[in-house]
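Undergrad: Shown below is the structure under consideration.
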Amino acid sequence: MEHPFLFFVKLFELVGLDHFAHDYPHIIYSWVIMALLIIAGAIGARQVSLIPNKAQNVLETIISGLEEFTVDMAGEEGRWFFPFVATIFLYIFFSNLAGIVPGFFSPTADLNTTLSCAIPVFFFTHYIGVRIHGAGYIKHFMGPVWWMAPLFMPIELISHLARVLSLSFRLFGNITGKEIILGILFMLAGAFLAPLPIMVLAIFLGFVQAFIFYLLSVMYFALAIEEMH
Amino acid sequence: MEGEAIQFFSYCMLVAGFAVAIAAAGCALPMGLSIKSAVEGIARNPESSGRVTVTLLIGLALIEALCIYTLVVSLIIIYAAPVVQTVTNLL
């Protein structure tokens, strides 16, 4: 679905990168989201004080809420992988919301962006497992008893690979579906504000999808930490 | 050749539309059942609403993912239709 007007793509055309900008709008917009998050973080953390100012207060509420929730889900070990999952949550959430702003485009409506979020989760899961259990991490793949290992090994490997597929395809399909519905409704009856109810739904959908990506990553990490017998 | 191409295109559209319709119908029943059980659970024990809601959201996302896979497949069918035409011309 080609969008009629993308603000930042036009900006890149002025610089002279129009081929790149027209071919890869999702990369341009993921840069925009990154810049937004970095600037917000820099403003919030510019002067950290015991009595917080407004920006610091907002950021503290978001971060402490997320941290409490992560520790609630994954136990006390969840505190050290919290920065990773919180980054993924904020990035995906703001990427999903960007599609609602006119002239913007959801970077998550492209399979490359969602895969680039899902593959680090896959590798980090196994990094956590090897770091905590050492060589004993192989027990996670061998099933309940040792002689069942040849049966369980392929099943476990496929289920670990299917996690990447399901994480990335779920997010991509949801956000692409939302973008296409918004585009079609805008073309059909944009003058009568037909896309507005779907936009309200899209805010909820963006939050829920980011939350589910975050929650499933936390649960995969918690499963990798868990002791297997 | 022209008529065959148009026929092929209309079959693609038909399949893509019906695929999502059937998948949505199949996903609606388990989602309704799980929401029903969650609401009953919350009504009996309102203190557990936080945990129940989180579990419900995960479950709904996992069920919904099946429908989304069908959506992705039908998107592939729709957008791959011109490519398939050029391939069949080569044969």
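Any read-out appearing in this document is the output of simple, stated calculations on the displayed coordinates, not a laboratory observation. Because the structure is a prediction, the values reported are computed rather than measured. Using ideal geometry, Cβ is built from the backbone for each residue, glycine included, and neighbour counts are taken over all protein chains shown.
Undergrad: Could you work out the per residue convex hull volume over the alpha carbons of segment A:68-189, in cubic angstrom?
TA: In segment A:68-189, the Cα hull volume divided by residue count equals 136 Å³.
Undergrad: Can you give the average number of partner chain beta-carbon atoms within 10 Å of each beta-carbon in peptide A:155-166, as a whole number?
TA: 1
Undergrad: Compute the convex hull volume of the Cα atoms of chain A, divide it by the residue count, and report the result per residue in Å³ as a whole number.
TA: Normalising the Cα hull of chain A by residue number yields 166 Å³.
Undergrad: Using per-residue counts of other Cβ atoms within 10 Å, averaged over each peptide, order B:31-38, A:43-50 from highest down.
TA: Highest to lowest by the protection proxy: B:31-38, A:43-50.
Undergrad: Angle, helix A:111-133 long axis vs. longest principal axis of chain A, Cα atoms, 0 to 90°, nearest 10?
TA: Once rounded, the angle reads 20 degrees.
Undergrad: Could I ask something else about it? If you take each beta carbon of peptide B:53-60 and count the beta carbons of other chains within 10 angstrom, what is the mean?
TA: Average per residue, whole number: 2.
Undergrad: Provide the packing ranking of A:130-141, A:149-160, A:112-123, A:211-222, i.e. peptides ordered by the mean count of other C-beta atoms within 10 Å per residue, highest first.
TA: A:211-222, A:112-123, A:130-141, A:149-160
Undergrad: Could you tell me how many degrees, from 0 to 90 and to the nearest 10, lie between the Cα long axis of helix B:2-44 and the main elongation axis, the longest principal axis, of the Cα atoms of chain B?
TA: Approximately 0 degrees, to the nearest 10.
Undergrad: For chain A, what is the calculated [θ] at 222 nm in deg cm²/dmol (nearest 500), taking -39500 (n - 2.57) for each run of four or more DSSP H residues and dividing by its residue count?
TA: -26000 deg cm²/dmol
Undergrad: May I pose another question? What does the charge dipole of chain A about its Cα centre add up to, to the nearest 20 debye, if the Cβ of each Lys and Arg holds +1 and the Cβ of each Asp and Glu holds -1?
TA: 80
Undergrad: Okay, moving on. Relative contact order for segment A:1-120 using alpha-carbon pairs under 8 Å, separation at least 6, rounded to a whole percent?
TA: This gives 32 percent for segment A:1-120.
Undergrad: Using alpha carbons only, how many degrees (0 to 90, rounded to 10) separate the axis of helix A:149-189 from the longest principal axis of chain A?
TA: 10
Undergrad: Which Cys residues of the protein assembly as shown have no other Cys beta carbon under 4.7 Å away?
TA: A:Cys117, B:Cys12
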